[in-house]
Amino acid sequence: MKKIYSAAFATICAAGIAMAAQEKFDGIVAVVGDEIVLQSELDAYSMLKLNAMNIPTDSMPDLKKYRTEFIKDLVDGKVLLVHAKQDTTISVSNEDVDRALENHINGILRQNNWTADSLDAQLKAQGMTIVKFKAETRKAIREQLLKQKVQQNYYASIKVNRRDVEDFYNQYKDSLPKAGESVVLRKLSMKVTPNDSSRQTAYEEIRSVYKKVQNGGDFQALARQYSESPEGATGGDLGFISKGSLSELAFEEKAFSLGQGEVSEPFETHLGFHIIKVTEKRDRMVHVYQIFVKVAPAEQQIQALTAKLDSIRTTAGTKEDFVAGVKKYSTDAATKPRDGGMGWTMLIELPAQVRTAIDSLKPGDISMPVREDNILSIYRVEDRAPNRTLTLNDDFAILEAKTKDILAQKKLIEMVGKWRQEIYVDVRL
């Protein structure tokens, strides 16, 4: 019989995987503060790691060989968890946990092609009730989300410069993976400016919400009810924002001008109207919640601009024609100075609608108009490759992100080592 934790459950943590076995043979192999590492947790984690390393898991010598390394991983994870629980600035809402639990269970059902009844039957066959399964999984998810918030804070605090990226590239260029299928694109974008009627409607809505905030309404509840941005579903939580990290300067300036606990009046960006609340300030970072109401252009405006871009597309027979169109019409400040050039981009990093629009295009072809919020664009494919080597010139943004990942990981590992010295740790292997 297939174990339900074979693959999908590995995405939570080894503690969750081991829960069905705990009543039978568990012992404590490590104590970290007020957290423990169970024997079943270590065994489950070991099996996952050995499988990932393509090492046979049917021989105990292999398990013993790597056990010291694996117990260190689990202890470090518990150290991170203990720190997260002690940090009063870090919290995970019940809504976040419930949503993650629902997504996790739905993922198990999809992966195994099960119904809810099938899952219940599989659990019962392993001596587990659905109630206990959800309780244990909810606990594991909450712990994982707490640790992720610590990790996100450290990632957001890392700043990298060109020298950092060059050093990273020179050190790792021979071992960097090949870029996946990639394209060189040239873009012509035009912004749709909503008419006064659309803007007035959005403004009246955000003012109405703002009055509710002023009258004592719960900010996160109002965000869930009224905000039109993706994070609205989680109470409008944007997390920590670092100074200089946003391209929308009006938003950043407003966020850093507020005091802790202060709520802004409604203000406008090119996307729409915002109300933001700063819940914490730390160094050059602020924790921001927002309520957002978009300013949507009228459908007639969208149709008119679509027709105009389609006309440009059909008449731009050469690269020179397309560049001329970019110089004359494009409103994209980032690409217009480069004649619309975007350089090499991996397909997987493009928005889904752009990937779809250029999927079957050959070099020299131009896409149909693509809408992204209040921006309509056409894309000319200059080149494409099934895979290629990353270079500093063509892939600086990718390498910059990888550099930031490495530096953030190193900093977090260093901090976990420091916290480990401050927390009671007893390994009993």
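FYI, it's all coordinate maths here, none of it is from the lab. The structure displayed is predicted, hence computed values, not measured ones. Cβ placement follows ideal geometry from the backbone for every residue including glycine, while neighbour counts extend to all protein chains displayed.
The alpha-carbon of Lys85 sits under 12 angstrom from the alpha-carbons of these aspartates and glutamates, leaving out residues fewer than 8 places away in its chain: Asp34, Glu35, Glu143. For Glu268 and Val131, the FRET efficiency from 1/(1 + (r/R0)^6), where r spans their Cβ atoms and R0 equals 35 Å, is about 0.10. A crude spin-label estimate for the pair Ser93 and Leu392, with each label 7 Å from Cα along the Cβ direction, gives 4.5 nm. In this structure, Gln200 and Glu299 have a Cβ-Cβ separation that, at R0 = 22 Å, corresponds to a calculated FRET efficiency of about 0.80. Within the chain, the longest run free of trypsin sites (Lys or Arg not before Pro) that sit in a DSSP loop with at most 16 other Cβ atoms within 10 Å is 4-158.
For a straight C-alpha distance cut-off of 17 angstrom, the lysines reachable from Lys362 (same-chain residues fewer than eight places away being disregarded) are Lys187, Lys319.
Shown for region 200-294: lysine pairs separated by 8 or more places, or found on different chains, whose C-alpha atoms are under 20 Å apart, numbering 12.
So how much slack lies between Ile348 and Arg163, counting 0.36 nm per residue of separation and subtracting their Cα-Cα distance, in nm?
Gain in length upon complete extension: 63.9 nm.
Placing pseudo-labels 7 Å out from each Cα toward the beta carbon at Tyr154 and Asp34 gives an inter-label distance of 2.4 nm. Taking the convex hull of the alpha carbon positions in the chain and averaging its projected area over all directions gives 25.6 nm². Between Met368 and Met53, full extension at 0.36 nm per residue minus the direct alpha carbon distance yields a gain of 109.0 nm. The Cβ shell under 14 Å around Glu414 holds other residues with a net charge of +2, Lys and Arg each +1, Asp and Glu each -1. For the pair Gln421 and Ala324, label points projected 7 Å from Cα toward Cβ lie 6.8 nm apart.
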